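The next block holds one structure in the form of structure tokens; read it before the comments.
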Amino acid sequence: MSEGRFLPPWRLFVFLSLPPLLICAGAIGYRLIERWSWFDSIYVAVTSLTSLGSGVRHATSQSGRVLTLGLALAGVSTLALAATELLSAIMTGELREYLRSRRMTRRIEALEQHVIVCGHGQVGQHVCAEIIAGGVPVVVVDRQDEALALAREAGAHAVLGDASDDDTLRRAGIERARALVTVAGSDPDNVLITMTARLMQPALPIVSRSDHEATVPKLLRAGATRTASPHLIAGERIADVVLHPATLAADLQMRESMVRPGDAFDGLTVGACGLRGQGGPILIAIRHRDGSVVFNPADHVRVDAGDVVITLNQGPQRDHRNGSARPA
């Protein structure tokens, strides 16, 4: 179901505001025509509009009776129209989709440091699966309902729309995102999405997919932090299977984590915070807040909030024939 078929908020507003407007119009009409008090005017307007029967006052003039007939007909018509629209929204699923969209919007608004993945094709599905497996929330942006349904099943949040549109990226929470990945189906789409995201968030890390080598300079000029070619990565992976089978069997993975204020590592040295503990991840490097990188840091190197700790970990073993994970 496309975004435009969701139950529009303006329709709800019309249905909720029309009865009060008719009551006000009827009360003013009775006040001017019959010279009743405001209370009696409102009372007769409500009883006429809701077809509850005659009140304590009756219109004596022909104009007042015409007003009563108009209010009665308007009340019946409004009730029938509202019931028809509500039943239609329920039967077609519009109301359910609209409420689900509102719930999803509230969940995304509560996210912090999530990753936005633009495009949920074959590459996007693998990207989302890896990021979610790493414990990072993902917001998928796609123009196809079917793709978003798969994203929700995988545990991602979904936003329906064009990722090159500013409003769509705002709904995806680009202001609070930790990174954005563009894996749309074509290089021109990825260039446009990258440019839009970079203009909105100058400091946001952006990883862009490129199917052709000639597109890489364009993506970098558009604002991509890094580019990735699925064909190149697949080729390197296949070569690694042939040249380094033992490394792949161990399933060694590079991971990084940012030290935040108040963390156990904040303000301590490498030796004091236990980063070199036996049996745990292997400390590879520390990237300090000023951008400098210390490879194989000594025990006296200090770790502060804002630094990024890079470690080598052993992840779940994978069946390299099909890339699926299996228990160790």
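The values are calculated or read from the model by the stated rules, or taken from the named source; none is laboratory data. Remember, predicted model here, so these are calculated numbers, not experimental data. Please note: Cβ atoms are built from the backbone with ideal geometry, for glycine as well, and neighbour counts cover all protein chains shown. Just the protein is used for accessible areas: all its heavy atoms, side chains included, with ligands, DNA and RNA removed. Shrake-Rupley method; radii C 1.70, N 1.55, O 1.52, S 1.80 Å.
For the reader, a short list of remarks on this structure follows.
- Local electrostatic count at Ala234 - Lys and Arg +1, Asp and Glu -1, tallied over other residues with Cβ under 14 Å: -1
- Accessible area of the range 172-305 belonging to carbon and sulfur atoms, whole % at 1.4 Å probe: 60 percent
- Hydrodynamic radius of the range 242-309 per Kirkwood, over alpha carbon pairs, in Å: 13.1 Å
- Each peptide in 191-199, 132-140, 119-127 gets a packing score, the mean of other Cβ atoms within 10 Å over its residues, and the list from highest to lowest is 191-199, 119-127, 132-140.
- Placing +1 on the Cβ of every Lys and Arg and -1 on the Cβ of every Asp and Glu, with no other charges, gives the range 118-268 a dipole of roughly 340 debye about its Cα centre.
- Across the range 122-250, Cα-Cα distances exceeding 27 Å account for 21% of all pairs.
- Length gained when the stretch Thr84-Ala25 is fully extended (0.36 nm per residue, less Cα-Cα span): 18.8 nm
- Val293 versus Ala110: modelled label distance in nm, points set 7 Å from Cα along the beta carbon direction: 3.7 nm
- Å² of accessible area per residue within the range 103-230, as computed with a 1.4 Å probe and no ligands counted: 49 Å²
- Spin-label pair Met254/Asp304, simplified geometry with 7 Å Cα→Cβ offset, distance in nm: 2.5 nm
- Student exercise, the range 203-290 dipole from Lys, Arg, Asp, Glu Cβ charges, in Debye to nearest 20: 240 debye
- Calculated FRET value between Ala264 and Ala203, using beta carbons and R₀ = 22 Å, to 0.05: 0.20
- Taking the three principal axes of the alpha carbon atoms in the range 211-287, the coordinate ranges are 48, 37, 13 Å, sorted in descending order.
- Each Cα pair under 8 Å and six or more residues apart adds its sequence gap; the mean of these over the residue count of the range 117-200 is a relative contact order of 31 percent.
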